[in-house]
(Lines give C-alpha, C1' and ligand atoms only; values in the text may rest on other atoms or scores of the structure.)
Protein backbone atom coordinates (compact mmCIF):
# COMPACT_ATOMS: atom_id res chain seq x y z
CA UNK A 1 0.00 0.00 0.00
CA UNK A 2 2.84 2.35 0.89
CA UNK A 3 4.47 1.62 -2.47
CA UNK A 4 1.22 2.48 -4.29
CA UNK A 5 0.85 5.77 -2.42
CA UNK A 6 4.53 6.62 -3.03
CA UNK A 7 4.09 5.86 -6.72
CA UNK A 8 1.04 8.12 -6.92
CA UNK A 9 2.89 10.94 -5.17
CA UNK A 10 5.86 10.60 -7.54
CA UNK A 11 3.51 10.66 -10.54
CA UNK A 12 1.80 13.79 -9.24
CA UNK A 13 5.19 15.45 -8.67
CA UNK A 14 6.33 14.57 -12.20
CA UNK A 15 3.11 15.91 -13.72
CA UNK A 16 3.51 19.09 -11.71
CA UNK A 17 7.11 19.48 -12.90
CA UNK A 18 6.00 19.10 -16.53
CA UNK A 19 3.29 21.73 -16.00
CA UNK A 20 5.84 24.07 -14.43
CA UNK A 21 8.20 23.56 -17.40
CA UNK A 22 5.37 24.43 -19.78
CA UNK A 23 4.89 27.88 -18.24
CA UNK A 24 6.13 30.78 -20.38
CA UNK A 25 9.28 32.56 -19.35
CA UNK A 26 8.74 35.40 -16.90
CA UNK A 27 8.84 38.67 -18.80
CA UNK A 28 11.49 41.28 -18.02
CA UNK A 29 12.17 44.65 -19.60
CA UNK A 30 14.51 43.03 -22.17
CA UNK A 31 11.61 41.06 -23.70
CA UNK A 32 9.70 44.19 -24.75
CA UNK A 33 10.56 45.59 -28.16
CA UNK A 34 9.28 49.10 -28.95
CA UNK A 35 9.24 50.25 -32.58
CA UNK A 36 7.62 53.04 -34.62
CA UNK A 37 4.32 52.17 -36.29
CA UNK A 38 2.15 53.87 -38.92
CA UNK A 39 -0.96 53.02 -40.92
CA UNK A 40 0.72 53.14 -44.34
CA UNK A 41 3.19 50.42 -43.33
CA UNK A 42 1.20 48.05 -41.12
CA UNK A 43 2.91 45.03 -42.69
CA UNK A 44 6.43 46.12 -41.70
CA UNK A 45 8.33 46.22 -38.42
CA UNK A 46 9.97 49.62 -38.76
CA UNK A 47 13.50 50.39 -37.64
CA UNK A 48 13.58 53.06 -34.91
CA UNK A 49 17.13 53.92 -36.04
CA UNK A 50 16.05 54.86 -39.58
CA UNK A 51 17.12 58.35 -40.56
CA UNK A 52 14.70 61.07 -39.40
CA UNK A 53 11.95 58.54 -38.62
CA UNK A 54 8.99 59.87 -36.62
CA UNK A 55 8.83 59.46 -32.83
CA UNK A 56 5.23 59.79 -31.62
CA UNK A 57 3.63 58.51 -28.40
CA UNK A 58 5.56 57.04 -25.48
CA UNK A 59 5.75 53.55 -24.05
CA UNK A 60 6.16 52.66 -20.38
CA UNK A 61 6.88 49.07 -19.36
CA UNK A 62 6.39 47.52 -15.92
CA UNK A 63 7.85 44.03 -15.50
CA UNK A 64 7.79 42.05 -12.29
CA UNK A 65 4.94 41.13 -9.99
CA UNK A 66 2.56 43.06 -12.21
CA UNK A 67 3.59 43.03 -15.85
CA UNK A 68 2.10 45.54 -18.27
CA UNK A 69 2.87 48.17 -20.83
CA UNK A 70 1.17 51.39 -21.80
CA UNK A 71 1.21 53.31 -25.09
CA UNK A 72 0.11 56.88 -24.47
CA UNK A 73 0.72 60.54 -25.13
CA UNK A 74 -0.09 63.42 -27.41
CA UNK A 75 1.03 63.84 -31.02
CA UNK A 76 3.81 66.40 -31.36
CA UNK A 77 4.08 66.87 -35.14
CA UNK A 78 1.41 67.24 -37.82
CA UNK A 79 3.24 64.74 -40.06
CA UNK A 80 6.13 62.32 -39.64
CA UNK A 81 8.86 61.02 -41.91
CA UNK A 82 9.21 57.49 -43.25
CA UNK A 83 11.99 56.92 -45.77
CA UNK A 84 11.71 60.48 -47.02
CA UNK A 85 7.93 60.62 -47.41
CA UNK A 86 5.39 62.23 -45.08
CA UNK A 87 3.15 59.95 -43.00
CA UNK A 88 0.18 61.01 -40.89
CA UNK A 89 -1.22 58.23 -38.67
CA UNK A 90 1.85 57.52 -36.52
CA UNK A 91 2.60 55.95 -33.15
CA UNK A 92 4.23 52.97 -31.48
CA UNK A 93 4.11 49.16 -31.51
CA UNK A 94 5.19 46.94 -28.60
CA UNK A 95 6.17 43.32 -29.27
CA UNK A 96 7.03 40.40 -26.97
CA UNK A 97 8.15 36.87 -27.95
CA UNK A 98 5.29 34.63 -29.10
CA UNK A 99 4.51 32.17 -26.30
CA UNK A 100 1.30 30.99 -24.67
CA UNK A 101 0.14 34.01 -22.71
CA UNK A 102 -3.03 35.88 -21.82
CA UNK A 103 -4.13 39.15 -20.28
CA UNK A 104 -6.32 42.17 -20.78
CA UNK A 105 -6.17 45.31 -22.92
CA UNK A 106 -7.94 48.57 -22.07
CA UNK A 107 -8.27 51.77 -24.08
CA UNK A 108 -8.63 54.82 -21.85
CA UNK A 109 -9.39 56.75 -25.04
CA UNK A 110 -11.55 54.90 -27.61
CA UNK A 111 -10.95 54.23 -31.28
CA UNK A 112 -12.06 57.25 -33.31
CA UNK A 113 -11.75 57.31 -37.11
CA UNK A 114 -9.21 59.88 -38.31
CA UNK A 115 -8.15 60.60 -34.71
CA UNK A 116 -6.73 57.41 -33.14
CA UNK A 117 -6.46 53.76 -34.10
CA UNK A 118 -5.44 50.62 -32.20
CA UNK A 119 -3.97 47.47 -33.74
CA UNK A 120 -3.09 43.89 -32.87
CA UNK A 121 0.00 42.50 -34.59
CA UNK A 122 1.92 39.26 -35.05
CA UNK A 123 5.60 39.53 -35.95
CA UNK A 124 6.77 37.30 -38.82
CA UNK A 125 10.24 36.55 -40.24
CA UNK A 126 12.16 39.21 -42.18
CA UNK A 127 10.64 42.10 -40.17
CA UNK A 128 7.15 41.49 -41.52
CA UNK A 129 3.92 41.92 -39.57
CA UNK A 130 0.39 40.60 -39.87
CA UNK A 131 -1.88 43.30 -38.48
CA UNK A 132 -5.55 43.91 -37.68
CA UNK A 133 -7.12 47.29 -36.91
CA UNK A 134 -9.30 46.70 -33.83
CA UNK A 135 -12.08 48.96 -32.60
CA UNK A 136 -11.84 49.43 -28.83
CA UNK A 137 -14.41 51.19 -26.67
CA UNK A 138 -13.38 53.43 -23.78
CA UNK A 139 -12.76 51.69 -20.45
CA UNK A 140 -13.78 48.18 -21.52
CA UNK A 141 -11.49 45.44 -20.17
CA UNK A 142 -11.03 43.29 -23.25
CA UNK A 143 -9.12 40.02 -22.83
CA UNK A 144 -6.47 38.67 -25.16
CA UNK A 145 -4.64 35.39 -25.62
CA UNK A 146 -1.72 34.03 -27.60
CA UNK A 147 -1.38 30.29 -28.06
CA UNK A 148 -0.16 27.59 -30.41
CA UNK A 149 -2.13 24.52 -31.43
CA UNK A 150 -1.95 21.97 -34.25
CA UNK A 151 0.87 23.82 -35.98
CA UNK A 152 -0.79 27.24 -35.86
CA UNK A 153 -0.22 30.31 -33.69
CA UNK A 154 -3.26 32.43 -32.83
CA UNK A 155 -3.45 35.86 -31.22
CA UNK A 156 -6.97 37.02 -30.39
CA UNK A 157 -8.86 39.77 -28.57
CA UNK A 158 -12.22 39.12 -26.92
CA UNK A 159 -15.00 41.16 -25.37
CA UNK A 160 -16.47 38.68 -22.92
CA UNK A 161 -16.96 35.54 -24.99
CA UNK A 162 -17.18 37.41 -28.30
CA UNK A 163 -14.08 37.47 -30.49
CA UNK A 164 -13.29 41.06 -31.49
CA UNK A 165 -10.64 39.89 -33.95
CA UNK A 166 -7.87 37.33 -34.31
CA UNK A 167 -4.73 36.58 -36.29
CA UNK A 168 -3.60 33.03 -37.10
CA UNK A 169 -0.29 32.16 -38.76
CA UNK A 170 1.82 28.99 -39.07
CA UNK A 171 3.44 28.29 -35.70
CA UNK A 172 6.96 28.35 -37.14
CA UNK A 173 6.32 31.85 -38.53
CA UNK A 174 5.21 33.48 -35.26
CA UNK A 175 8.11 35.40 -33.72
CA UNK A 176 6.32 37.94 -31.55
CA UNK A 177 2.99 39.63 -30.90
CA UNK A 178 1.63 42.84 -29.45
CA UNK A 179 -0.44 45.98 -29.75
CA UNK A 180 0.04 49.34 -31.47
CA UNK A 181 -1.57 52.77 -31.28
CA UNK A 182 -1.51 55.65 -33.78
CA UNK A 183 -2.72 59.24 -33.76
CA UNK A 184 -3.58 61.42 -36.77
CA UNK A 185 -3.46 65.16 -36.00
CA UNK A 186 -1.16 67.26 -33.84
CA UNK A 187 -2.35 67.18 -30.19
CA UNK A 188 -4.45 64.04 -30.77
CA UNK A 189 -3.97 61.59 -27.88
CA UNK A 190 -3.97 57.82 -27.42
CA UNK A 191 -3.91 55.71 -24.26
CA UNK A 192 -3.73 51.93 -24.35
CA UNK A 193 -2.84 49.65 -21.40
CA UNK A 194 -1.89 46.00 -21.91
CA UNK A 195 -1.71 43.64 -18.89
CA UNK A 196 -0.26 40.12 -18.70
CA UNK A 197 -1.75 37.35 -16.54
CA UNK A 198 0.86 36.00 -14.16
CA UNK A 199 3.70 36.90 -16.52
CA UNK A 200 5.99 38.14 -13.79
CA UNK A 201 5.42 35.39 -11.20
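Here are some notes:
- Tally, over region 145-155, of residues that are in a strand (DSSP E or B) and touching a helix residue (DSSP H, G or I) at 6+ places or on another chain (Cβ under 7 Å): 3
Yes/no per residue for (1) in a loop (DSSP other than H, G, I, E, B); (2) at pLDDT 95 or above:
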residue: 36; (1), (2): no, yes
residue: 40; (1), (2): no, yes
residue: 47; (1), (2): yes, yes
residue: 54; (1), (2): yes, yes
residue: 61; (1), (2): no, yes
residue: 65; (1), (2): yes, no
residue: 68; (1), (2): no, yes
residue: 71; (1), (2): no, yes
residue: 76; (1), (2): yes, yes
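- Checking each residue in region 167-184 for being assigned to a strand (DSSP E or B) and without any contact (Cβ under 8 Å) to a residue 24 or more places away in the chain picks out 168, 170.
- In a residue-by-residue description of region 174-195, the property of being over 30 Å from residue 87 (Cβ atoms), under 15 Å from the mean Cα position of the chain (by Cα) and surrounded by 15 or more Cβ atoms within 10 Å (Cβ to Cβ) applies to no position.
- Only one of 124, 158 that is touching a helix residue (DSSP H, G or I) at 6+ places or on another chain (Cβ under 7 Å) and surrounded by fewer than 20 Cβ atoms within 10 Å (Cβ to Cβ): 124
- Within the set 111, 131, 106, 67, the sole residue that is free of Cβ contacts under 8 Å to residues at least 40 places away in the same chain, buried (at least 17 other Cβ atoms within 10 Å of the Cβ) and under 18 Å from the mean Cα position of the chain (by Cα) turns out to be 111.
The values are calculated or read from the model by the stated rules, or taken from the named source; none is laboratory data. Note that the structure is predicted; figures quoted are calculated from it, not measured. Reconstructed Cβ throughout: ideal geometry from the backbone, glycine too, with neighbour counts over all protein chains shown.
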